[in-house]
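I am attaching a structure below and will ask some questions about it afterwards.
Read-outs throughout are calculated quantities, based only on the coordinates presented, and are distinct from any laboratory measurement. Computed from a predicted structure; not experimentally measured. For neighbour counting, all protein chains shown are included, and Cβ atoms are generated from backbone atoms with ideal geometry for every residue, glycine included.
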Amino acid sequence: MTQLKTHQDGIPSTPGKIKMDRSPYIHRLRWQFSLAKLTFWSCLFLGLILLFFLRSTPSSSSSSYSLSSGTDSTRRSLASTWGGPDWEKRVRDSSKIRSHNGISVLVTGAAGFVGTHVSAALKRRGDGVLGLDNFNDYYDPKLKRSRQARLERSGVFIVEGDINDSALLKKLFDVVAFTHVMHLAAQAGVRYAMQNPGSYVNSNIAGLVSLFEVCKSANPQPSIVWASSSSVYGLNNKVPFSERDRTDQPASLYAATKKAGEEIAHTYNHIYGLSITGLRFFTVYGPWGRPDMAYFFFTRDILKGKPIPIFEGPNHGTVARDFTYVDDIVKGCLGSLDTAEKSTGSGGKKKGPAQLRIFNLGNTSPVPVTTLVSILERLLKKKANRVMLKMPRNGDVQFTHANITLAQTELGYKPTTDLQTGLKKFVRWYLSYYSDSGSKKRSDE
Ligand SMILES: O=C(O)[C@H]1O[C@H](OP(=O)(O)OP(=O)(O)OC[C@H]2O[C@@H](n3ccc(=O)[nH]c3=O)[C@H](O)[C@@H]2O)[C@H](O)[C@@H](O)[C@@H]1O
């Protein structure tokens, strides 16, 4: 009884050690204890289910397909802040068509390299343009902010948000009946795919599907033009690359996600009547370019006197690219938007067959990477510290060369800038941009 009294005021801490007593009090105590235990385990179980649910549900603006722990979610910077009457007014104003026969275009990735140039060109000719960008830090976000500032000065508003945020996309289509979408938001870069594969799945596959889903339900459905990549030709060695050539041997995860995008485009065109044009860009370069690309960081490192790693193929084979100047690419993008037929569906229902196209947008004259370095040396008036390296097995292919006959015929696409001329414009921009930001930084210090 003494032992029992000890536990009268509470549940015993070590119940198994209590001498068994069949009194009604003990029964009540045991019943209460079981109830507490049941409540505890139920709460734990429900908590775990909730945790699992929260982890597997895509959040509105962050990466939901991160395969590499941490990196991707820290790269995505956003806490999306959108909505409200002022915000809607800015969205409407930016999308307003100001020319006869103009179009209203949602440009995803508008603070990116090609996105910035395309948005500016559309605005110049009086089209309505609304940008969308998540300003992630795959490369220096300050460069993206500078591009944004320039676009804002010409009347283009960039909404800060992610293509995986379906609620945001739906809202944009509620506010504006976009006639076209120029989809350039993507995880770019061939070699980075080995470091952060999840970001490619998240942007290039999940993001693309999220965008197509909203477009197919929009009323009217927009026509879509989007960026695929020359990398889909992968191990294909028939040159020049034609749209009819094999694209089932990608050499990188990046290429595989772009190829998957082309197949996904086929599905949305087939089921929902979306008009979709995919553009296979060939190593685009120029002012306001991407710092992760070779021509850009070679320039930086030549100026700093740092070693320049130049890849070579087996038996010292030449590695070459069909480098394409950004203004030529912009013409191809605008030509695609202008020749895009209307989507045929509405409110998620197909009404008839719709246009589905793929075009190469290249320069049709491959240049060895060693020549690229020589041109930069001349323009920068500085010798590069060249280090020849065997091409690593991380997704690169040895050679690219576009056949552009189809784009020429259908879009009137005709590249006019050779590498020497294009790099001259790039170097002029580079020196001015970084000397300006350098002096700004110095004066800030
Ligand atoms: O056209 C395309 O499809 C792709 O073009 C570029 O990919 P890439 O051609 O590999 O462009 P860079 O990374 O700038 O490389 C250019 C050339 O320099 C070479 N390289 C790169 C890096 C390096 O350290 N050394 C070097 O010799 C590469 O092998 C390649 O031949 C873009 O980064 C991709 O996003 C795009 O989709």
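Given Gly289, Leu356, Phe311, which one lies farthest toward the positive end of the charge dipole of segment 269-359, if we put +1 on the Cβ of every Lys and Arg and -1 on the Cβ of every Asp and Glu?
Farthest towards the positive end: Leu356.
For q = 0.18, 0.20 Å⁻¹, what log10 I(q)/I(0) does segment 253-365 give under the Debye formula with an equal point scatterer on each alpha carbon and no solvent?
Treating every Cα as an identical point scatterer, log10 I(q)/I(0) equals -1.03, -1.14.
Could you order peptides 115-122, 409-416 by the average number of other Cβ atoms within 10 Å of their residues, highest first?
115-122, 409-416
Give me the one-decimal Kirkwood hydrodynamic radius in Å for segment 275-317, with the sum taken over alpha-carbon pairs.
Details: mean 1/r = 0.0768 Å⁻¹.
By the Kirkwood definition, the hydrodynamic radius is 13.0 Å.
Pairs Lys171/Lys216; Lys304/Lys382; Lys170/Lys258; Lys383/Lys424: which are spaced more than 20 Å apart, C-alpha to C-alpha?
In this structure, Lys170/Lys258 lie more than 20 Å apart at Cα.
Which aspartates and glutamates, on any chain, are close to Lys350 with Cα under 16 Å apart, when same-chain ones fewer than 8 places away are left out?
Glu213, Glu341
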